[in-house]
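Okay, so here's the structure we're looking at.
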Number of protein chains: 2
Amino acid sequence: MKALLGSGGIRTEGRRELYRKLMAENFTDCERVVFIPFASNDYNGYTSSMREFAGNTEYEIIGLHEFEDPLMGLEVADGIYVGGGNTWLLTKQLHLQKLIQPIREAVIKRKIPYAGVSAGANVASPSMQTTNDMAITMVPSFESLGIIPFQINPHYHPGGIWYREKENGDFHQHFGESRARRVSEFHELNDTPVIGLYEGAFLKCKDDEFELIGNKAAIMRKGEQILTYDPGVMFNGKLTTA
Amino acid sequence: MKALLGSGGIRTEGRRELYRKLMAENFTDCERVVFIPFASNDYNGYTSSMREFAGNTEYEIIGLHEFEDPLMGLEVADGIYVGGGNTWLLTKQLHLQKLIQPIREAVIKRKIPYAGVSAGANVASPSMQTTNDMAITMVPSFESLGIIPFQINPHYHPGGIWYREKENGDFHQHFGESRARRVSEFHELNDTPVIGLYEGAFLKCKDDEFELIGNKAAIMRKGEQILTYDPGVMFNGKLTTA
């Protein structure tokens, strides 16, 4: 298994450069990367803008929706790239189009490299439940691709939240649940460990090795203290370090 | 219909005083207020701490879980109070215990006053979908109490998010979706108008009149600009002002 899973928040020039470098490495020797735009409602627009954002790539990016039969699209793909957006929309379509099992097999058995950013990284987990997105539509099930054995919480941030007024730049403290608190609620009912990827962070995945690149990550386990790691660390599938 | 719906974030002394005053008004002449603790996993602990937080009340607070038959609990209640916590947990129990319709009827037909803060305000809406909470468990349906004709997004805040490092107090910008962006995603697939209640804000509801108290609110309609209002304004059921 080979995958690149990004938190999102790729909004600075440095982060964009890192993204392009890691994507090129992930999809080395690929000619045809199939892009899955289902986290958006505008498949054509999203696929075009992703082509632009990716820059000059060695591989061609084709939207999965451009194939009459999406299963055929997966057959001819030598790379799979799932874009960010709303995780509920994305997961619903993956189920409705019966793509969960075929994508899992392509990545795990046929070793097709996978990339996913934000919602696309979230759904690489066993379940979509650690999304931050609003439930804009019902899903048939929370099950997602399960190409990694732990949960990703993308766009993770530590501590309290503040918002800044546009008019005068003043900061106001917000008392809503912190991300860590939300994940601890998840752990009241679920056991899978969660990695909170700070924005700009990536996990470079190779079988049972997961290298943290670009920014920090917080490891959250049921009933345990949060552990925060700097980039460069290597995790295994249990999110412990070697 | 008489209801008090609060955003949450009641963490300052001023906000706590306002909360107690408004709760006393909402439950005037009530002897027995039934508290619904299902947004938590610890019904006894939550009910006790809510009694403490409410302070000296004219009415008795009884947990709905203390009744052998919850429907009997609703029968003898002359006030219903739904506490905050995780909206998914809460909505699941409301469905499993078949309480949606009985609570709706108690509030709409029998005019039993209702109070809800955070998740408890959220579920007064037709759907639970405008929650900010993590989907820690599946719900049978998104349908919620529907005692008001619009959606509440509790703990609303405008603009971008920042987080503050505990160690040095530095602010870092976060690029995840703003709340307004999340609600606009909701409006890609749903039509119901949404009121984003700033923390510390309450809606004092009387039939088709909804008075904003305590803090601002943002009115978000499908495809329209956000309108922000100061406390004191009176909305109708379509969230337009008279």
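The values are calculated or read from the model by the stated rules, or taken from the named source; none is laboratory data. Not measured: the values here are computed from a predicted model. Glycine gets a Cβ as well: all are built from the backbone with ideal geometry, and neighbour counts include every protein chain shown. Note: areas computed on protein heavy atoms with side chains; ligands, DNA, RNA excluded. Shrake-Rupley method; radii C 1.70, N 1.55, O 1.52, S 1.80 Å.
Taking beta carbons within 10 Å but only from partner chains, what does the mean come to for residues B:163-170? It would help to have the intermediate numbers written out before the result.
Working: counts 10, 8, 3, 3, 1, 0, 0, 0.
That works out to 3 on average.
Go through B:Lys21/B:Lys206; A:Lys98/B:Lys92; A:Lys109/A:Lys216 and tell me which ones have a Cα-Cα distance over 22 Å in this structure.
The answer is A:Lys98/B:Lys92; A:Lys109/A:Lys216.
Phi angles across the range A:58-66 convert, under the Karplus curve 6.51 cos²θ - 1.76 cosθ + 1.60 with θ = phi - 60°, into 3J(HN,Hα) values of 6, 10, 8, 9, 10, x, 4, 5, 7 Hz, Gly and Pro given as x.
Summing charges over neighbours of A:Gly196, with a neighbour being any other residue whose Cβ is under 11 Å away from its Cβ, gives +2 when K and R count +1 and D and E count -1. The mean count of C-beta atoms from other chains within 10 Å of the C-beta of residues in A:40-46, rounded to a whole number, is 1. Amide H to amide H, with H built 1.01 Å from N, B:Ile152 comes under 5 Å of B:Ser125, B:Ile195, counting only residues 5 or more places away or on other chains.
Counting only protein heavy atoms and a 1.4 Å probe, tell me what percentage of chain A's accessible area is made up of carbon and sulfur.
Numbers: 4790 of 10010 Å².
That share works out to 48 percent.
Database remark: amide H of B:Val233 closer than 5 angstrom to the amide H of B:Leu212 (H placed geometrically; neighbours at sequence offset of 5 or more, or on other chains; Pro and chain starts carry no H).
Each of the peptides A:51-57, B:59-65 was scored by the mean count of other Cβ atoms within 10 Å over its residues; in descending order, highest first, they stand as B:59-65, A:51-57.
Other chains near B:153-161: what is the mean number of their Cβ atoms within 10 Å of each residue's Cβ? Display every interim value, and only then the final one.
Details: counts 1, 1, 5, 3, 10, 5, 6, 4, 7.
Shielding by partners across B:153-161 averages 5.
Once the convex hull of the alpha carbons of the range A:115-175 is built, what does its volume come to per residue, in cubic angstrom?
Values: hull volume 8.0 nm³, N = 61.
Spread over its residues, the Cα hull of the range A:115-175 gives 131 Å³ apiece.
Every helix of 4 or more DSSP H residues in chain A counts as -39500 (n - 2.57), and over all residues that averages to -8000 deg cm²/dmol at 222 nm. Cross-link partners of B:Lys222 among lysines, defined as those whose alpha carbon lies under 17 angstrom from its own and excluding same-chain residues fewer than eight positions apart: B:Lys238. Distance between the C-alpha centres of the range B:4-34 and the range B:173-217: 20 Å, rounded to the whole angstrom. Our summary gives the range A:1-137 a relative contact order of 34 percent, counting only alpha carbon pairs under 8 angstrom and 6 or more residues apart.
I need to check one value: relative contact order of chain A, counting alpha carbon pairs closer than 8 Å and at least 6 residues apart, in percent. This gives 21 percent for chain A.
Solvent-accessible area per residue in the protein assembly as shown equals 41 Å², computed with a 1.4 angstrom probe and all protein chains kept. Shortest first and in nm to one decimal, what separations exist between B:Arg32 and its copies in the other chains, measuring from label points 7 Å along the Cα-to-beta-carbon line? The answer, with the shortest distance listed first, is 7.0 nm.
Of all DSSP bridge pairs formed entirely within chain B, close to 55 percent run antiparallel. Candidate cross-link partners of A:Lys166 among the aspartates and glutamates, defined by an alpha-carbon separation under 18 Å and a same-chain spacing of 8 or more, comprise B:Glu177, B:Glu199, B:Asp230. Long hydrophobic helices in chain B: the complete DSSP H runs spanning 15 Å or more by Cα along their own axis with mean Kyte-Doolittle hydropathy of at least -1.0 are B:43-54.
If you wrap the protein assembly as shown in the convex hull of its Cα atoms and look at it from every side, the mean projected area works out to 23.1 nm².
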